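Participant: Have a look at this one before I ask anything.
The values are calculated or read from the model by the stated rules, or taken from the named source; none is laboratory data. No experiment lies behind these values; they were computed from the predicted model shown. All Cβ positions, even for glycine, are placed from backbone atoms using ideal geometry, and neighbour counts span all protein chains on display. To get the accessible areas, we keep the full protein, side chains included, count just its heavy atoms, and leave off ligands, DNA and RNA. Shrake-Rupley method; radii C 1.70, N 1.55, O 1.52, S 1.80 Å.
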Amino acid sequence: MNSENGNRFTEEGEDSLFLHLEPDTPEVMKIKSLQGEEYEYSDYLGTIEYSIARHFYEDDRQIKDKDALSALKNIRKNCDKDISFFKHDLEKEITENLIELLEEEPITHHEFKLVIDYVLEVINNRAWMEDEQAYLKWATYFMGLFTEEESEEYEQSVKKFAANLGLSSKHADLMLLKGNEDDYFEFVENYGDDEEGELTEEELIAEMETKFLSLTDAEKFDFLLENGPDFYELVGLYISDLSEKGEFGKIQELYRKLIEKYDDFIYLYVFMGGAYVEIDPALAKSYFEKALKSLDKLEDFSDSTKEVLKDTLLDLIDKIK
């Protein structure tokens, strides 16, 4: 953002994102998510992420990922407000930089909301790393704002964290270089074999599952109680394994303890429904309905993600009927 535009925005405060957004069209409204469309919207995504990273690195090293989430949610909700409405410097910086871009490359209201939703998901997808600044540090590293010494220090911290979890160096590389995976189970598309023999996506996922399955039942149980929502796919894997063995008593014990500890664990409801769909359809339906009910309470899910999940759950419930 150049200083001339920044001063104009700050002093006058009579410009808003809304004024630079185009009307939605039926074709645009069909877009549910920017997954797979990142390249087309890279200017907007990059502008937001760079604004956040720059603010963190140069202005406020004390902010946390939750502050970036809050800023984006407020901008999304109040995109029709003048810049002067936003009281936090991070919100102003993101808004000003987006307006500069939109003056040259406008998009519609719906596309704007999808852009915000996408970045919200990227930030949330770093939460499993157990660092309140996990996304901020990654974005600063990825944008090249760290000094060489700071970058090396960050890389070492990520590799150490991965090693403590028993993850391979390939996982550590993905954690450093990629920011839009749902977690380390969903790896960058087409990351496969090459002449140097890198692991395929399937092999990386299998590696993590193998490590989990090698634990004793007690270790699996304790691990999921401590980390369930962050490793929800392993919750599903374990419930599926118990279901195949007919150990529904253990399934219920795990469910009861997880639900006591974590409110509105939507994926747990889904996994439970899947475990009972064949042997007790009525019970399975009740779990899917609980998942549907909890969906509206999940503030960290984007509207597009909620819509997809809602359609899926309604379809499952309808099939049981």
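Participant: For Lys220, go through the lysines and keep the ones whose alpha-carbon is under 20 Å away, minus same-chain ones fewer than eight residues off.
Facilitator: Once the sequence-local lysines are set aside, what remains near Lys220 is Lys211, Lys245, Lys250, Lys257, Lys261.
Participant: For the residue pair Lys261 and Glu278, what label-to-label distance in nm results when each label sits 7 Å from Cα along the Cα-to-beta-carbon direction?
Facilitator: Between Lys261 and Glu278, the label points sit 2.9 nm apart.
Participant: Quick one: compute the contact order of region 15-165, relative version, from alpha carbon pairs under 8 angstrom and 6+ residues apart, as a percent.
Facilitator: For region 15-165, the relative contact order is 40 percent.
Participant: Follow-up question, since we're still on this one. How large, in percent, is the carbon and sulfur part of the accessible surface of region 226-300 at a probe radius of 1.4 Å?
Facilitator: 47
Participant: Any of Lys137/Lys159; Lys290/Lys319; Lys30/Lys66; Lys290/Lys310; Lys73/Lys306; Lys30/Lys81 with alpha carbons more than 20 Å apart? Name them for me.
Facilitator: Over 20 Å Cα-Cα: Lys30/Lys66; Lys30/Lys81.
Participant: Another question about this same structure. Express in Å², to the nearest 10, the accessible area of His110 obtained by rolling a 1.4 Å probe over the protein heavy atoms while all chains stay in place.
Facilitator: Counting only protein heavy atoms, His110 exposes about 40 Å² to solvent.
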